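Working notes, structure below.
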Amino acid sequence: MTAGRIGADLRTALAGSKRIVVKVGSQVLCQRDGSLDDAVFAELCRQLGVLRAEGREVVLVSSGAVASGTGAVAQWHLSRPGSPSAGVVLGKQALAAVGQPLLMASYRDILAGNGLQVAQILLTHADLGNRGRFLHARRVMGELLDAGILPIVNENDTVAVEEIKFGDNDALAAQVAHVVGADALVLLTEVDGLYTADPHTDPLAKFVPVADIHDEAALRAAGAGTSQFGTGGMRSKVLAARKAGEVGVITAIGSGKTPGVLTAILSGETVGTVFQPARRKLTGRRSWIATSVRPRGTLYLDDGAAQALRTGGRSLLPIGVVNVEGKFAVGDPVLVCDAVGQPIGRGLSRYDSEDARRAAGRRTDQIASELGWLPAAELIHRDDFVRDV
Ligand code: GLU
């Protein structure tokens, strides 16, 4: 199929999408001093109202807490020069704590004028990596959507230390798309989509209307850029499109500064960049394994086992494992690689790392005599394994 045809099909699918996650970045919402850009904010809220009136279910992932906090603290000191906190430098987590309620208050006020009630949801990666909490988040967001309330999600910056962080709100949005079973993810940024090079510095940069999630060139073109208040840049958007696409969600990237972009993208107009997702549509526990868990260890397989898992539908037996890295417990997620470290997929281990090391390369009867018992016949059962696409 030609890129044009694929693009047209994706646009049609976007026009028909019912459940949508929209992510908006700080660079779009806020001005350089950290205050909200009123015109952009009002236009975003107007479009969210239009989507709701069309009967679509939207979850908004909004950055802007750190930026709003930065602006508010500066303002406070300007108007009260002798205040005790003047001159104290606040970290990003503290600024987010100041800014998050202000951001939500603005959403509440402006969206009320567009007929929408809002709810706040703050998450960390550790929340969604835990199956129980993941299911609670899914249930609550579903309840809110059923009631016509707009959930507004941000990372819980106060407690989000490195190891439990999503990393950036693009990654968070991809996971939220998966939590709510979205059909589409729209990332609103300050450029109008993906280019073959940085359009600010390279006059030969060409716009890319359609990309494939597997396209390494797209990732290279996205560079490593980060932004003033946010943590993302284009690279994190391409990675988010990939993550969402792995479970079948279509991602579009468009300029949040351009009026009407969100509703145009979701009407199927040729605006922004769309990413073709993988053809598979994972659901349930396997899609959670694919998107929400962070591996705690790695299993390296011999050629036979690697081949069996790549072909699909097979469980991993301990005899096929040549090496075990990391420290993990029974039920923890692990990465599965071939002998030279090429990733094959990820799954939940039925052995802890200690037992897995002792069982590696052995037949079931040998494991029972080595360990004194048999933790499980499979190291990873096929129901708990998801291949990379
Ligand atoms: N959670 C941060 C905020 O609301 C932004 C993180 C990001 O944009 O990636 O300010």
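The values are calculated or read from the model by the stated rules, or taken from the named source; none is laboratory data. Here the structure is a predicted model, which means the values were calculated and not measured. Methodologically, a virtual Cβ is constructed for each residue, glycine included, from the backbone with ideal geometry; neighbour enumeration extends over all protein chains shown. All accessible areas refer to the heavy atoms of the entire protein, side chains included, with ligands and DNA or RNA removed. Shrake-Rupley method; radii C 1.70, N 1.55, O 1.52, S 1.80 Å.
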Considering only the stretch 1-47, how many residues are assigned to a helix (DSSP H, G or I) and over 19 Å from the mean Cα position of the chain (by Cα)? 23
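Mind checking which residues of the stretch 344-359 are part of a helix (DSSP H, G or I), open to solvent by less than 30 Å² (accessible area, probe 1.4 Å) and in contact (Cβ under 8 Å) with a residue 24 or more places away in the chain? Write out each step before concluding.
Our first condition is that a residue be part of a helix (DSSP H, G or I); within the stretch 344-359, this holds for 353-359.
With open to solvent by less than 30 Å² (accessible area, probe 1.4 Å) added as a condition, the list becomes 353, 355-356, 359.
Once the filter is applied, which keeps residues that are part of a helix (DSSP H, G or I), open to solvent by less than 30 Å² (accessible area, probe 1.4 Å) and in contact (Cβ under 8 Å) with a residue 24 or more places away in the chain, the stretch 344-359 yields Ser353, Ala356, Ala359.
Please note which helices (runs of 4 or more DSSP H) are completely contained in the stretch 133-252 and include at least 2 residues that are touching a residue at least 60 places away in the same chain (Cβ under 8 Å). If you could, list the steps in order and put the result at the bottom.
On the way: elements: 169-179, 216-222, 234-246.
The helices (runs of 4 or more DSSP H) meeting that bar are 169-179, 234-246.
Would you pick out the residues in the stretch 324-367 that are among the hydroxyl-bearing types (Ser, Thr, Tyr) and within 19 Å of Ala308 (Cα to Cα)? Full working, then the answer.
Keep residues of the stretch 324-367 that are among the hydroxyl-bearing types (Ser, Thr, Tyr), which gives 349, 351, 353, 364.
Once the filter is applied, which keeps residues that are among the hydroxyl-bearing types (Ser, Thr, Tyr) and within 19 Å of Ala308 (Cα to Cα), the stretch 324-367 yields Ser349, Thr364.
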Before we move on, is Gly64 touching a residue at least 24 places away in the same chain (Cβ under 8 Å), away from the ligand (no atom under 16 Å from the Cβ), under 21 Å from Val21 (Cβ atoms) and not hydrophobic (A, V, I, L, M, F, W, C)? no
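Being at positive phi, without any contact (Cβ under 8 Å) to a residue 60 or more places away in the chain, open to solvent by 10 Å² or more (accessible area, probe 1.4 Å) and away from the ligand (no atom under 16 Å from the Cβ) is true for just one of Gly260, Gly312, Gly341. Which residue is that? Write out each step before concluding.
On the way: Gly260 fails: without any contact (Cβ under 8 Å) to a residue 60 or more places away in the chain; Gly312 fails: without any contact (Cβ under 8 Å) to a residue 60 or more places away in the chain.
After ruling out the rest, the residue left standing is Gly341.
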Pairs please, first residue from the stretch 360-389 and free of Cβ contacts under 8 Å to residues at least 12 places away in the same chain, second anywhere and assigned to a loop (DSSP other than H, G, I, E, B), Cβ atoms under 8 Å, 6+ apart in sequence or on different chains. Ala368/Leu374
State yes or no: is Ala74 open to solvent by 40 Å² or more (accessible area, probe 1.4 Å) and either small (Gly, Ala, Ser) or not in a loop (DSSP other than H, G, I, E, B) (or both)? yes
Please verify whether the stretch 315-323 includes one or more residues that are closer than 30 Å to Ala182 by Cα, of a type outside the set (S, T, N, Q) and in contact with a Ser or Thr (Cβ under 9 Å, 6 or more places away or on another chain). no
Suppose we keep only residues that are within 12 Å of the ligand (Cβ to nearest atom) and open to solvent by less than 30 Å² (accessible area, probe 1.4 Å) within the stretch 104-127. Which one would you say is nearest to Asp332 (Cα to Cα)? Thr124
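Based on what the data block shows, is Gln93 over 20 Å from Leu145 (Cα atoms), within 12 Å of the ligand (Cβ to nearest atom) and open to solvent by 50 Å² or more (accessible area, probe 1.4 Å)? Write out each step before concluding.
Working: over 20 Å from Leu145 (Cα atoms): yes; within 12 Å of the ligand (Cβ to nearest atom): yes; open to solvent by 50 Å² or more (accessible area, probe 1.4 Å): yes.
Spelling it out, Gln93 is indeed over 20 Å from Leu145 (Cα atoms), within 12 Å of the ligand (Cβ to nearest atom) and open to solvent by 50 Å² or more (accessible area, probe 1.4 Å).
Given the options Pro84, Pro101, name the one that is assigned to a helix (DSSP H, G or I) and either more than 15 Å from the ligand (Cβ to nearest atom) or under 21 Å from Phe166 (Cβ atoms) (or both). Lay out the reasoning, then the answer.
Details: Pro84 fails: assigned to a helix (DSSP H, G or I).
Only one candidate passes the filter, namely Pro101.
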Residue, farthest from Val186 (Cα to Cα), within the stretch 22-43, restricted to residues that are among the polar types (S, T, N, Q) and more than 9 Å from the ligand (Cβ to nearest atom): Ser35
